[in-house]
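Data first, discussion second: the structure below is written as structure tokens.
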Amino acid sequence: MTSPTPTPPAGASGTPSASGSTAPAGASGSPSPVTAAPTTPPPGPLTPDALAALQSALSAEQAAVWAYGLVAAYARDQAAMVAEARSGHLLRRDATSARIVASGATAPEPAAAYQVSVAVTDPGSALMLAQDIETDAAAAWRVVIGSTDDAELRGFALSGLSDAAVRLAMWKQVVGTSPATVPFPGQS
Amino acid sequence: MATAPGTPISRRALLVGAGSFGAGALLVVSGCSYFGSNEPAAPTIDLAPTALDPINGLIATTRLHLLRLNAAIAADATDAPRLTPLRDDRQAHLTALEAEYARLHPTDPSATAVATGAPAAPTTGAVTVPDSPEGVVSAVRGDAATAQVQFTDAISAASRYRAALFGSIAASLASHRAVLA
């Protein structure tokens, strides 16, 4: 869906910060949150596989935060849902970044802008992009689960995968796509 | 033959008791009978049974919930359109879980049935469903929550491949709860 432009800016946002003070965004106000707030996991070493997967997941979250800004510009009727979703990705981005830094590795910086697969020109295309965002996030977190034997990290990744799956279903419901759910979120 | 504490046991009584116990123990150990041949019976107790694959519990839960979803769709025409896609998801979960079981247990008869496309167990049957449409949806949502917890718990000790599969199914169940909320 989104790919970073080649030159991330110096001093761009996305540095680790404390997070987890509020609940993650659900896809809408009606369904109860499925997972708890993305708290910063305890520090610990990461295997090369897990680190690479976690860095990819962080990149997906950074792209999601940027792309939801684009969605917000067009999907005015779903402003609350967009804000909640963006907030959820923001919290998870920070928690993921903190986890990487705590392991002694370097967290990738976000890009200045991202190339999206959908040309966003109206509310309909904006909601298409929202679905792409969640599909990409789900795929990234699923890879993290399958790249580590650490039960704590698997749980952390599962919350990211579940949140993305719920948001994807909510966006599909908004646009009237049936079925709204998929049997294996994150699996292509 | 009870004796008071401190009462000395006679040598004869001791021999009779020991003989009875010895004969019984011999029968138990050897498996012979008074009228049988000298051939020892085949041992029937497996002292080191094969550990059960934990995926069996997940398959059983999924199959049960599929039964209930089928019954709910049949009983509640109003909610059938939104329950049917969820049933299809659960059927896909069951197929994937059975395929994963068959992958690691190719000699298991039930796994062979899965590999050849035959259902290992029926997914239709008589189960009771609540009377009201609200009750039906609530029951389906409760099943999804139960299964989500079960799959989440199974992630920690599973192999990497299975953990990704279980996690994906748990996330799917989370979305089921959301669309039914």
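The values are calculated or read from the model by the stated rules, or taken from the named source; none is laboratory data. Remember, predicted model here, so these are calculated numbers, not experimental data. No Cβ is skipped: glycine too gets one built from the backbone with ideal geometry, and neighbour counts run over all protein chains shown.
Are any of the residues in region B:106-114 in contact with an Asp or Glu (Cβ under 6 Å, 6 or more places away or on another chain) and at pLDDT below 95? Yes, that holds for at least one residue. Here is the figure for region A:173-185: residues that are outside any loop (DSSP other than H, G, I, E, B) and facing chain B (nearest Cβ under 9 Å) total 1. Picking from B:121, B:92, B:99, B:178, which residue would you name as being closer than 20 Å to residue A:187 by Cα and either at pLDDT below 95 or crowded, with 20+ Cβ neighbours inside 10 Å (or both)? Sole residue among the options that is closer than 20 Å to residue A:187 by Cα and either at pLDDT below 95 or crowded, with 20+ Cβ neighbours inside 10 Å (or both): B:178.
Among the residues of region A:126-137, is any over 15 Å from residue A:164 (Cα atoms) and in contact with a helix residue (DSSP H, G or I) (Cβ under 7 Å, 6 or more places away or on another chain)? Yes, the conditions are met somewhere in region A:126-137. Candidates are the residues of region A:146-164 that are within 8 Å of chain B (Cβ to nearest Cβ) and of a type in the set (Gly, Ala, Ser); the one that is nearest to the chain's Cα centre (by Cα) is A:164. Of everything in region A:123-145 that is surrounded by fewer than 24 Cβ atoms within 10 Å (Cβ to Cβ) and small (Gly, Ala, Ser), the residue that is nearest to the other protein chains (Cβ to nearest Cβ) is A:139. Residues being assigned to a helix (DSSP H, G or I) and among the small types (Gly, Ala, Ser) are entirely absent from region A:111-121. Could we say that residue A:43 is over 20 Å from residue A:180 (Cβ atoms), under 16 Å from the mean Cα position of the chain (by Cα) and modelled with pLDDT under 95 here? It is false that residue A:43 is over 20 Å from residue A:180 (Cβ atoms), under 16 Å from the mean Cα position of the chain (by Cα) and modelled with pLDDT under 95. The residue of region A:152-188 that is surrounded by the most Cβ atoms within 10 Å (Cβ to Cβ), among those that are hydroxyl-bearing (Ser, Thr, Tyr) and farther than 17 Å from residue A:91 by Cβ, is A:181. Looking across region B:102-111 at every residue that is over 17 Å from residue B:165 (Cα atoms) and in contact with a helix residue (DSSP H, G or I) (Cβ under 6 Å, 6 or more places away or on another chain), the one that is surrounded by the fewest Cβ atoms within 10 Å (Cβ to Cβ) is identified as B:105.
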